[in-house]
Structure formats: structure tokens, C-alpha cells
Amino acid sequence: MIEKILVVGAGISGAALARKTSDGGKRVVDLIDSRPHVAGNAYDRRTPDGIMEHVYGSHIFHTSNEEVWHFLNQFTEFNGYRHRVLGMVEGKEIPIPFSFESIRACFPEEDTRKIISKLLDRYEEGTKVPIMDLLKEDDPDLRALSDYVYKHVFLHYTEKQWGKSPDEIDGAVTARVPVYVGESWGYFRDTYQGIPVDGYTAMVGKMLDSPKIHLSLNTTFESVKNPEEYDRIFYTGPVDELLGYRFGPLPYRSERFEVETLDREHYQDNAVVNYPDAEHAFTRIHEYKYYLGDKSDRTVIAREYPEPFEVGKNERYYPVPSPENEALHARYVEEAKREYPNIRFLGRLGDYRYYDMDKAVARVMDVYREEFER
Ligand SMILES: Cc1cc2nc3c(=O)[nH]c(=O)nc-3n(C[C@H](O)[C@H](O)[C@H](O)COP(=O)(O)OP(=O)(O)OC[C@H]3O[C@@H](n4cnc5c(N)ncnc54)[C@H](O)[C@@H]3O)c2cc1C
């Protein structure tokens, strides 16, 4: 018998699951997405100047997971791009995360020597020390460093990003801002890194190129007439919306991207420059042509402004991790399973968890094994 599967959401999670499921047995998959395009928040498109724009903000692929890497390489090549982030600190562009190179740029020579030597005495080279831990140091040189990083790199960026002061924010989030004990390195340390050579949308398009997958865009789950006719439903959308927000909405942070095309070859020296100060309301400027090395005498940049998520007004970007929000999500999932006994949630919205793209695909592999190979 042929199993009928419904996958809700054609982002990286839904698309990968549709492909795994349809390749793996006698199954047909209906894949729907409410948006007019596939690839979810990884969606990209060429501008009239031939520049690949990341419509929902910069997406850089990186993983050390062999299974994920081999799965995605069936659908695209990656260009080997290595990401580096600069931060505009007191008028200088310095490497982020804060590293020895950043210390040299921001401290006098004698202080730099003392700070680096004390960091190496205290921590193993290569350690990433969360800023909140470094603030607990009582050595005066390390305190000078942690106070500087806290004030100039961490505090305002975090306030702008989350709309809250650092002590109101979950440790999982603040741990993402470390000081790196060593010379600066690329932003990610994973074995495999890069951007799909024809973009993420093309990669997802190839993933869905199977006679057993039927894709419908501009189609919401709510418009599916008889969901109970499917053997299984995999849902990568928000569970609170599915249940009409009956327990209240799950909080998210959103972003607004102010996109500008400029009549010059480059705007900045790097794909991403952070603005961790209080003067600029945006957190970062993205210059997209760096990702695929697009040639044009014009350039496209986007200023990224964090803002609160409001239902119906903007997009969900980052789930806000906290024990209360996780409990609310779990309550929704339990309730949804009562109404749709054959439903399974996954993805950054379905699981209400921040996943990088590789982690989203790794989660798909786990869900597939649990559902179909047990
Ligand atoms: C600003 C930003 C930058 C990021 N940068 C990186 C990066 O550099 N590297 C990296 O690895 N990851 C990055 N990520 C994470 C990456 O975006 C996620 O890993 C990825 O989007 C997860 O894919 P997904 O399919 O789970 O979710 P999504 O991409 O959100 O896809 C879910 C899909 O479900 C659809 N949907 C929702 N509800 C319904 C419904 N009721 N009916 C039909 N369809 C529905 C939506 O339209 C959407 O297309 C970034 C995230 C953000 C927010």
C-alpha cells in the first residue's frame, strides 16, 4: 500500500523530510507552503544586477555532520566560502568574536601583552569563554578586557537584538557571545562550510525534484480539506497558530531588513559588519555579493533592525528561549496531538527552537529514523 504523507512548510526542514520520505519507501508526499516560494527563511533570489540577495538575512552553511553534508551535496555544490564577522567598535572594524587580533586593535601594546598572557595562563588556547563568565574574573587586566567587551561588543548589541537587558536573557543566548582565546579565526569552526553555488532556493528546488513529491505554494494547512485522510502529517509551522493561539502566542523576536542598492562596487570590506553600539538602531549591515563573489558595479546591502514579533505584522525569526516558553510550547504540542493524532512537529517553528540549517537537517534525519526505521 502507498502511504500518503502531508508535509507542512517547504523550508529546509520540510523539504529535506519530503525528500527523505519519498526516496525511502512506497510513499507520496504532498508538500505545502503558505508563502509563494520554497526554502523558507533561507530563500534567496537574484536582483536585476545579478546579486544573490538573502531575503531573510545572511545565511551561511556550516556543519561537521557527515550525514547532513552528504545529503545536501546530492542537490548542490558548496563554494567553500568562509565567514568572518567584523564589528564597528569605536570607529574601527575589529574581528568578532573578540580575539587576540581584536585586543591588539583596542588596547595599548603593554596592556595587550599582559591580557593575552593572562588569558593563556587561565584558559587553554582555542577556548571560547562566554562573556558572562569572563566578567566573574577578578584579575584587573582580565577585568579590563571583560568590561571593555561587555560595554563595546555585548551590551548594546544584546539589548538591540532582544529588546531586554542581558540579565533578563536566558544563558543559552548570552553564551553565544564569547571571547576567543587565540588569534582570530573564521566565524565558524566546522569541517564543511560554504554557500550553495546556485543559492539555497535552487538547492531546495532540486531536493523537491521527484515525481513522488507534489508541491503546492500559497497553500496554508488551514486550507487542506481533509487532513485526516493523510497517514502522517509532518508540521514545520508554528503550533500556537495551528491551535488559534488558545493558550496565548509563543514569543519570538523579529527583524526588519532595510535593503538598498548602491551605485558603487562595494559598501564595506566584508559580507557582515556588526554595529554593537547604542548610536545605530540596526545590529548589522549585510552586503550580499560577497557570498557567491557576484560581479557587478553595483551592490546590495541590508541594514538589520531587530523588532518584537507581532502576529500578522511581521515574520517569526528567533524563538525566545526560557523555561516558561518551552513549557507553553510543550502544552501546545500535547494539545495538537489530541486533535491530530498522526501529527509530528519539527523545524525551527514546529520545535520552537533556534536551529542552524545543518541542525534543522540533522533533526529531519532523526525524525525520519524514529518514524520510519524503528
Ligand atoms: C536572521 C537569521 C539568520 C540566520 N542565519 C543562518 C546562518 O547563517 N546559517 C544557518 O545555518 N542558519 C541560519 N539561520 C537559521 C535558518 O534560517 C533555519 O535553520 C532554517 O530556516 C530552518 O528551516 P525550517 O524549515 O525549520 O524553517 P523555515 O525556514 O521557517 O520554514 C518553515 C516554512 O513553513 C511555512 N509555514 C508556516 N506555517 C505554515 C502553514 N500554516 N501552512 C503552510 N506553510 C506554513 C513557512 O512559510 C516557511 O516557509 C538564520 C536564521 C535567522 C532568523
- [ ] Look at the range 132-154 and say how many of its residues are without any contact (Cβ under 8 Å) to a residue 60 or more places away in the chain and either part of a helix (DSSP H, G or I) or in contact with a Leu (Cβ under 9 Å, 6 or more places away or on another chain) (or both).
- [x] 16
Task: Residues that are in contact with a Lys or Arg (Cβ under 9 Å, 6 or more places away or on another chain) and within 11 Å of residue 314 (Cβ to Cβ), drawn from the range 244-255 - done: 252, 253, 254
Open item on the list: Out of 80, 87, I need the residue that is within 23 Å of the chain's Cα centre (by Cα), surrounded by fewer than 20 Cβ atoms within 10 Å (Cβ to Cβ) and under 30 Å from residue 197 (Cβ atoms). Which one?
Closed with: 80
Task: Criterion: farther than 23 Å from residue 165 by Cβ and either hydrophobic (A, V, I, L, M, F, W, C) or surrounded by fewer than 21 Cβ atoms within 10 Å (Cβ to Cβ) (or both) - qualifying residue of 332, 288, 340, 317 - done: 340
- [ ] Could you please give the count of residues in the range 69-110 that are farther than 15 Å from residue 148 by Cα and of a type outside the set (Phe, Trp, Tyr)?
- [x] 16
TODO: Within the range 306-315, identify whether any single residue is away from the ligand (no atom under 13 Å from the Cβ), assigned to a helix (DSSP H, G or I) and over 16 Å from residue 350 (Cα atoms), and answer yes or no.
DONE: no
- [ ] Can you confirm whether the range 321-340 contains a residue that is within 14 Å of the ligand (Cβ to nearest atom) and β-branched (Val, Ile, Thr)?
- [x] no
- [ ] Take the residues in the range 11-26 that are closer than 12 Å to residue 215 by Cβ and crowded, with 24+ Cβ neighbours inside 10 Å, then tell me which one is nearest to the ligand (Cβ to nearest atom).
- [x] 14
Task: Output for the range 35-80, where each listed residue is closer than 25 Å to residue 302 by Cα and small (Gly, Ala, Ser) - done: 39, 40, 42, 50, 57, 58, 80
Task: Candidates 29, 8, 85, filtered to the one that is under 23 Å from residue 349 (Cα atoms) and more than 9 Å from the ligand (Cβ to nearest atom) - done: 29
Task: Residues (touching a strand residue (DSSP E or B) at 6+ places or on another chain (Cβ under 6 Å) and either polar (S, T, N, Q) or within 10 Å of the ligand (Cβ to nearest atom) (or both)) located in the range 341-350 - done: 342, 350
Open item on the list: Can you tell me which condition residue 96 does not meet? The list is (1) of a type outside the set (Phe, Trp, Tyr); (2) buried (at least 21 other Cβ atoms within 10 Å of the Cβ); (3) modelled with pLDDT of 95 or more, and all the others hold.
Closed with: (3)
TODO: Restrict the check to the range 184-205 and report whether at least one residue is surrounded by fewer than 16 Cβ atoms within 10 Å (Cβ to Cβ), under 25 Å from the mean Cα position of the chain (by Cα) and at positive phi.
DONE: no
TODO: May I ask you to say which residue of 321, 306 is modelled with pLDDT under 95 and not β-branched (Val, Ile, Thr)?
DONE: 321
Open item on the list: Considering only residues that are in contact with a helix residue (DSSP H, G or I) (Cβ under 8 Å, 6 or more places away or on another chain) and either away from the ligand (no atom under 15 Å from the Cβ) or on the phi > 0 side of the Ramachandran plot (or both), which ones fall in the range 32-55?
Closed with: 39, 40, 51
Open item on the list: List pairs: first residue in the range 69-86 and of a type in the set (Asp, Glu), second residue surrounded by 12 or more Cβ atoms within 10 Å (Cβ to Cβ) and not in a helix (DSSP H, G or I) anywhere in the structure, Cβ distance under 9 angstrom, at least six positions apart or on different chains.
Closed with: 77/194; 77/196; 77/197; 77/198
Task: Count of the range 239-266 residues which are touching a Pro at 6+ places or on another chain (Cβ under 9 Å) and closer than 15 Å to residue 344 by Cβ - done: 0
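The values are calculated or read from the model by the stated rules, or taken from the named source; none is laboratory data. No experiment lies behind these values; they were computed from the predicted model shown. We place every Cβ from the backbone using ideal geometry, glycine too, and count neighbours over all the protein chains shown.
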